[in-house]
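Undergrad: The structure is given below, and queries will be raised subsequently.
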Amino acid sequence: MEKKNNFMQLLMYSIKEKRNWALLSMVIILVTTLMIPYILRADEEIFIMFGIIELFILVLINCLVDNNFLHNEYKLAYYRSKPVTLRKQIIINIITNTLFTAFLLVLIIFSVVFHGTDYEILDIFKTLIPWLAAGILLASLSSILSGNTLMAGAMTIFNFCLPLIFFLVTMFIFSILENVVIGFNLNVLSDYFYNNIYRLDYLYFVIYSDKSIDFIYVLLLAVILIFISLLLHWCIKRRKNENTGFIVFDGYKYFVAVLSSLIIPAFFSVSTSQYISILSRIVISFSLAVLTYYIIIAFIEKSFRISKLSIKVFAVSMVLFSALTGGTVLVANQYKNMVPDPEDVKIAYIGNNSWAVNEVTRFLEDPSRNENMTLNELTRNYGIITFEEIENIESITELHREILNNQEIQGGDYYSSRCIIAYWMEDGSVLNRYYVLKANDSQEDSRAVEIKNEIAHKIINSSEYKRQKYYYLYDEEYYKGRSLYAKLGNNHNILEAFESVNLNDLRDILIIDLDDYIEENKDAFLELTTWYYDKYRGREGYYLEIYEKVSDKDSNYLDELFIDNFTNTLNYFK
Amino acid sequence: MLEVSNLSKKFGDFQVLENININAEKNQIYGLVGSNGCGKTTILKHIMRIYKEDEGYISFDGEEVLEGSEIIKDFYYVQDILYFPYQYTLNKLFQYEKLMYENMSEEKFQYLLKYFNVDGNKVLNKMSKGQKKQAAFVLAIAAQPKLLLLDEIVDGLDGVIKRKFWDVLLKEVMENSMTVIISSHDLKELDNICDKVGIMHEGKILKEENLEKMKEEIKRVQFAVDGEFDLGELKEYNILKTTKIGSVYICTLTGNIEDLRKYLQSNYNLLLFDTLSMSLEEIFITELGGVGYGKEE
């Protein structure tokens, strides 16, 4: 006898049963997003955002309530004894909750239309919909994995944050690497990892909030949903219903405990990066990991006595984590002394602005990102100095070798003691190193400091450097056809007032003074690597404010030059 | 026919079931009896595929019982502590279950509502324990399953309702070729209705037998002889338990009673020899006593 397929009937029944929740949710959403802002004549966008938060909460509660039959022995026995497979029951819940969510989204769109709010607010839906779709599946997955509804809620959030947690653990490894291998830096590595390998902005679809939907969006969403569905299918088949409690699967229990035990030490290590020694960092991180693991296992197993298996799992996990960290350190060690052949370098950078390196990298990867802008314009706008001339690239590699050899500099504060060297290679790759330099506080420069200053001196006296640093004087292309002005000021005597002068009248003598100043600079290395060098040196007295007149009313500030020792220029003003 | 073969299950390190074998025929009421926590409910949950066995095999009418298999649509399980969906009445629950059980009979449901005098419009969770049991039983019978699993179904019911339960159950078994597995502590009740019994202790089936046959196998006699008597002489009659009241010996044994009578007559002046009937409860106590249960100091 052929048995009837009752799936559709049960689905319809489940949808009908959802009507009270739908009515209640509708009232909540409409009151918050429509009625209150209408009566108050308030900024409806805030209320729409509030409505979206409510939507998340309502959907999560509904998913957990629908799946909570898995978390009570007698409820579970009732539903599991019925001739409907667990897979079907879960699918029915997922479909019902998807429809429920769609209904709430429509209500929010209705509120947006009603208020005539800028439709751009709906761009958030491009991120919201994948979050909700994945959230509904993750709530079901977490309910299957958990033996308790509160735990299922916590695990839904935990599972949703898993990509972030993995990123944090990777940063943890980088923070240790930073202390062990010279030239490697947590921020540089994590930026590289985030921008080139582990695209969290894609994984969480946040990149689409200001980007239109494309094929990658559809593909990525499909892959994520299929992946969670397959996991769900796998877990449904293997669920041990007798394990009601906090977490049903032993493997998952340890997975959660081990990962969670890494979160707190990772936060500690990342946030204290560069401030404490590697030994202190490892000892404190390990202690925090042990403590966190014990608390989580005690909570999950509802016992203060920790089992031998739990200890074994922790020990093995720590060995694996240490091996992974050690492996990363070993790999990094092979590259720490690497200085490229100047012939292979297309562009080089030396300074203490990691953000500058990222900007140039992004530009070189995709020049269309900055419409109609050349690299020269980009670097000028951002105050970045890059080098393409072979002599300068050779000097930078020479300086790089010297830094590897000895990290001593004369004086310097926190930022000026950070030195980033980046090479954009001819083959398209990027080599990026970050050094923490040691300040020599003695009155006399050591030989190591002198060598660095000698090399840096060559660079800062190059026309390429001057053309970028003082573009308003040395860059003919830039200078042509612009209304550039200079205004004298004196920070010793703010009452001393001066008229602005056209830079045309001043340019030649200013160049002579500036050339002399650079030639005589004893702190060439700091001048080269510290963008706020003048301010750092606390130079006072007369200064020139350089600006461009765009119109009669508007002008663009370009630079501030300290000219206390610029005899020719000061004479001109006298 | 329900066949459970070599079913074993561990909860963590604890062996809950060990090599369980059950054979329940059609038109048969099978009583699953055992000490507290011996694994009766766990077996029923395995049959319903709520739990998955570590080892073993469950089949019904020759077909393996798997989650989602067609045969499981003809199973109905009533658990010991009842659960009903929130705010459901019996009528509403009947409509819900009708979507899942294709043999669910409206006619039988209405008849049983009247027979047990249960209010179909009353919210189930507001009913008394006895009323809930009746409601669950009504639904189970209305579903007309081929295999009905009842876990402590008459626990907490009065005598009249119990009688009604058994009347309905016996009628269903006879008319609809149903197989019923009942787990219960109320051995006196099971004694009257079970065809076959499985006695469990600490996750094992100690004995599975047709109840009548079991009663034939385990017997009790009382006798008295003139003069001194040594019980050690009766070893060959498999004496399980002996009690002496005055000069009268009461023995539970599995050996042949007639041979025992002849032996006593030929060797002693036999003053009294009577065969006593054994109840299921007495058999249960005897069997469990054999494995030391209840004999702890």
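Undergrad: Please report the antiparallel percentage of the DSSP beta bridges confined to the protein assembly as shown, to the nearest 5.
TA: Counting DSSP beta bridges with both partners in the protein assembly as shown, the antiparallel share is about 75 percent.
Undergrad: Semi-axes of the equivalent ellipsoid of the protein assembly as shown: what are they in whole Å, largest first, if each equals the square root of 5 times a C-alpha gyration tensor eigenvalue?
TA: Value: 86, 35, 20 Å, ordered largest first.
Undergrad: Quick one: order A:VAL84, B:VAL4, A:VAL180 by neighbouring beta-carbon count within 10 Å, fewest to most.
TA: Ranked by crowding around the Cβ, least crowded first: A:VAL180, A:VAL84, B:VAL4.
Undergrad: Before rounding to the nearest 500, sum -39500 (n - 2.57) across all DSSP H runs of length at least 4 in chain B and divide by the residue total; then give [θ] at 222 nm in deg cm²/dmol.
TA: Counting only the DSSP helices, I get -9500 deg cm²/dmol.
Undergrad: Moving on. Got a sec? Which residues in the stretch A:459-475 would a label at A:ASN556 touch, if it sits 7 Å along Cα→Cβ and we count backbone N under 13 Å?
TA: Residues A:471-472 fall inside that zone.
Undergrad: Take the eigenvalues of the Cα gyration tensor for the stretch A:342-465, scale each by 5, and report the square roots as semi-axes in whole Å, largest first.
TA: 27, 15, 13
Undergrad: Order by neighbour count: B:THR42, A:THR325, fewest other Cβ atoms within 10 Å first, most last.
TA: A:THR325, B:THR42
Undergrad: Show me, bin by bin at 10 Å from 0, the whole-percent P(r) of the stretch B:193-297 based on Cα pairs.
TA: 13, 44, 29, 13, 1
Undergrad: Points 7 angstrom from Cα along the Cβ direction at B:GLU25 and A:ASN243: gap in nanometres?
TA: Once both label points are built, they end up 4.2 nm from each other.
Undergrad: Put +1 on the Cβ of every Lys and Arg and -1 on every Asp and Glu Cβ in the protein assembly as shown; which of A:VAL357, B:THR243, A:LEU137 then has its Cα farthest towards the positive end of the dipole?
TA: B:THR243
Undergrad: Using all alpha carbons of the stretch B:6-125, what is the percent of pairwise distances in each 5 Å bin, ordered from the shortest bin to the longest?
TA: Reading upward from the zero bin: 2, 9, 15, 18, 18, 14, 13, 8, 3, 0.
Undergrad: Another question, if that's okay. Throw me the Rg/Rh for the stretch A:128-220, computed over C-alpha atoms with Kirkwood Rh, two decimals.
TA: Taking Rh as the inverse mean 1/r over Cα pairs, Rg/Rh reads 1.08.
Undergrad: Now a separate question. Take every Cα-Cα pair in the stretch B:74-182 and report what % of them are more than 16 Å apart.
TA: 54 percent
Undergrad: Take the alpha carbon atoms of the stretch B:23-65, find their center, do the same for the stretch A:95-147, and report the distance between the two centers in whole angstrom.
TA: Here the two parts' Cα centres lie 44 Å apart.
Undergrad: For helix A:86-115, what angle does its Cα long axis make with the longest principal axis of chain A, in degrees from 0 to 90 and rounded to 10?
TA: The angle comes out at about 50 degrees.
Undergrad: Then there's this: With N denoting the number of residues in the stretch A:1-119, provide Rg(C-alpha) divided by 2.2 N^0.38 Å, to two decimal places.
TA: So the Cα radius of gyration is 1.33 times the expected 2.2 N^0.38 Å.
Undergrad: Specify the angular offset, from 0 to 90 degrees and rounded to the nearest 10, of the alpha carbon long axis of helix A:278-301 from the longest principal axis of the alpha carbons in chain A.
TA: Approximately 10 degrees, to the nearest ten.
Undergrad: Please go through the residue pairs A:LYS16/A:LYS302; A:LYS211/A:LYS549; B:LYS52/B:LYS98; B:LYS40/B:LYS73; B:LYS122/B:LYS204; B:LYS26/B:LYS132 and name each one whose alpha carbons sit more than 32 Å apart in this structure.
TA: A:LYS16/A:LYS302; A:LYS211/A:LYS549; B:LYS122/B:LYS204
Undergrad: Oh, and also: Under a plain spin-label model, where a point goes 7 Å from the Cα along Cα-to-Cβ, how far apart in nm are A:LYS302 and A:ARG41?
TA: 5.8 nm
Undergrad: At 1.002 mPa s and 20 °C, plugging the Kirkwood radius over alpha-carbon pairs of the stretch A:59-179 into Stokes-Einstein gives what diffusion coefficient in µm²/s?
TA: It comes out at roughly 129 µm²/s.
Undergrad: Using only the Cα atoms of chain B, build the gyration tensor, take square roots of its eigenvalues as a ≥ b ≥ c, and label the shape rounded, prolate or oblate: rounded if a/c is under 1.5, else prolate if a/b is larger than b/c, else oblate.
TA: Prolate shape, in that a/c is at least 1.5 and a/b is the bigger ratio.
Undergrad: Taking the beta-carbon count within 10 Å as an exposure proxy, list A:ILE213, A:ILE459, A:ILE48 from fewest neighbours to most.
TA: So the residues, fewest neighbours to most, are A:ILE213, A:ILE48, A:ILE459.
Undergrad: Running a GNM on chain B with Cα contacts under 10 Å, which residue among B:GLY227, B:GLY255, B:GLY198 ends up with the highest mean-square fluctuation?
TA: B:GLY227
Read the figures in this text as sums done on the coordinates, not as results from a lab. Being a predicted model, the structure only gives us computed values, none of them experimental. Glycine gets a Cβ as well: all are built from the backbone with ideal geometry, and neighbour counts include every protein chain shown.
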